[in-house]
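What follows draws every value from the coordinates through simple rules; no lab data is involved. Bear in mind that the values here come from a model prediction, so they are computed numbers and not experimental data. Here the Cβ is made from the backbone with ideal geometry for all residues, glycine too, and neighbour counts use every protein chain on show.
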Amino acid sequence: MVSRVDSVLENGNGGGLLPWQSDEWAQLQQMLPRLPHALLIHGARGTGKTAFAERFAQALLCERPAAGGHPCNACPSCTWFAQYSHPDYRRVRPEVLDEDEGGADGDEAEASEVKKPGRAGRAPSKDIRIDQVRALGDFINMSTHRQGRRVILLYPADALNTASANSLLKMLEEPPPATVFLLVADSLDRLLPTILSRCRKFVMGSPRREQALQWLQAAGVADADALLAEQGGAPLAAQEMAHSELRAPIDEFLVHLATPDTEGALKTAERLAKIPLAPLVACLQRWLYDLFSLKISGRIRYYPQHEKQLAALVARCDVAGLARGMKAITDRRAIADHPLSARLFIEDMLLEYAALFAGQRRSK
Ligand SMILES: [Zn+2]
């Protein structure tokens, strides 16, 4: 159903669709005549949902949509959109994403946005704050400037705190005419049920493995296979990781995980204390998942290239211990943002991990 023109549009510019998003795009086109006023786009992290939603927002405002409903990238609306200055468009996201372009969903093409400085003297917020949502009040009550439609893109929706979610809820309950809210979320678990009930849910599937691999290889990512597995099949997350400064420290961390011992734990903690903790915790979480999965079902999901090391470790620990370790690391993840001391946090985490293998003698 996708024409040649469409595929040129999809692949011919930076803001195009990713190869695994064509079906979902077509579905949205079919919904256009009766588009709900609030759409909640959700699916696995790192698969390009936000860029997809942004493109849809642009298409909704485009004055001369191309075949397949794609934005023309040439009309005044598209030009303003690209500069983030369209008068009928608002993007709402946590301040921290302004500092850290290319974050959450691995998005690109945001360099043109005017940077909004964080409030003086404090770290940029990870929440979507209530004043950001309240500011939409004026926007949705003004008349529109161009086509009579206004669009609000809000992501990640799970960054709404209780206050800002309740403020948004009021707008969703009494939607102004010709206003479309596009919310994007990795998971629905952390959203208020009242928000969920006011949005039409739109699920984005994950790409097939071959599709994701092909895309990564075309993007010049070396070691695409291992990175894709590590990131749970999410190609944008894999691409981000390939170019991340975290790659080398994470690899060092993995070497330690494969050969856990007390002395190594202390050294590793000292060396890695300067890098963000969340990726380390996530790495250990995936590693433990693999150990557990290998133990009970013989399967490895995230680190197949470390099969030998994982198998050696599995022989030295028991299921109950692994289950406890997984529970402990989940709890740790919740506090990784605010440790008193990064070094002590890692030390503690690695000593606890090493203890999983201390109870049983190495089988010869
Ligand atoms: Zn246009």
Exercise for the section: Rank T50, T330, T268 by mean-square fluctuation in a GNM of the chain with C-alpha springs under 10 angstrom and give only the top-ranked residue. Expected result: T330
Exercise for the section: Pairs of Cα atoms under 8 Å, at least six residues apart: use those to get the relative contact order of the chain, whole percent. Expected result: 17 percent
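Let's see if you can work this out: charge +1 on each Lys and Arg Cβ, -1 on each Asp and Glu Cβ, no other charges. What is the dipole magnitude of the chain about its Cα centre, in debye to the nearest 20? Could you put the intermediate results ahead of the total?
Values: 44 positive and 44 negative charges, 154 e Å.
My answer is approximately 740 debye.
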Practice task
Pop a pseudo-label 7 angstrom from the Cα along the beta-carbon direction at both N141 and K170 and give the gap in nm to one decimal.
Solution key: 0.9 nm
Completion exercise
Inter-part gap, Cα centre of the range 48-90 to Cα centre of the range 266-337, in whole angstrom, is 42 Å
Problem - On Cα atoms only, tilt of 130-141 relative to the major axis of the chain in degrees - result: 20 degrees
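Taking the convex hull of the alpha carbon atoms in the chain, what volume per residue do you get, in Å³? The partial results should precede the final answer.
Numbers: hull volume 55.6 nm³, N = 364.
Considering the Cα atoms of the chain, their hull volume per residue is 153 Å³.
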Practice task
Using 0.36 nm per residue of separation minus the Cα-Cα distance, give me the extension gain between Q211 and L351 in nm, one decimal.
Solution key: 46.4 nm
Handout entry: Rough spin-label spacing in nm, given labels placed 7 Å along Cα→Cβ, for R299 and A123
Key = 3.7 nm
Practice task
Set the Förster radius R0 to 35 Å, insert the Cβ-Cβ distance between T259 and S187 as r into 1/(1 + (r/R0)^6), and round the FRET efficiency to 0.05.
Solution key: 0.55
Completion exercise
Going through K126/K267; K49/K295; K170/K327; K274/K327; K49/K274; K295/K327 one by one, the pairs whose alpha carbons sit over 27 Å apart turn out to be K126/K267; K49/K295; K170/K327; K49/K274
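Can you work out D for the range 215-305 in µm² s⁻¹ from Stokes-Einstein, where Rh is the Kirkwood radius over C-alpha pairs, the temperature is 37 °C and the viscosity is 0.692 mPa s? List each step's numbers first, then the result.
Working: Rh = 14.0 Å.
Answer from the Stokes-Einstein relation: 235 µm²/s.
Please compute one quarter of the surface area of the Cα convex hull for the range 121-181 and express it in square nanometres.
On the way: hull surface 19.6 nm².
Quarter of the Cα hull surface area: 4.9 nm².
Taking 0.36 nm per intervening residue step and subtracting the Cα-Cα distance, what contour gain separates E307 from H243 on full extension? Before the final figure, lay out the partial values.
Numbers: separation 64, 0.36 × 64 = 23.04 nm, distance 2.42 nm.
My answer for the length gained is 20.6 nm.
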Exercise for the section: Could you check the simple spin-label distance between A163 and T330, using points 7 Å along Cα→Cβ, in nm with one decimal? Expected result: 3.0 nm
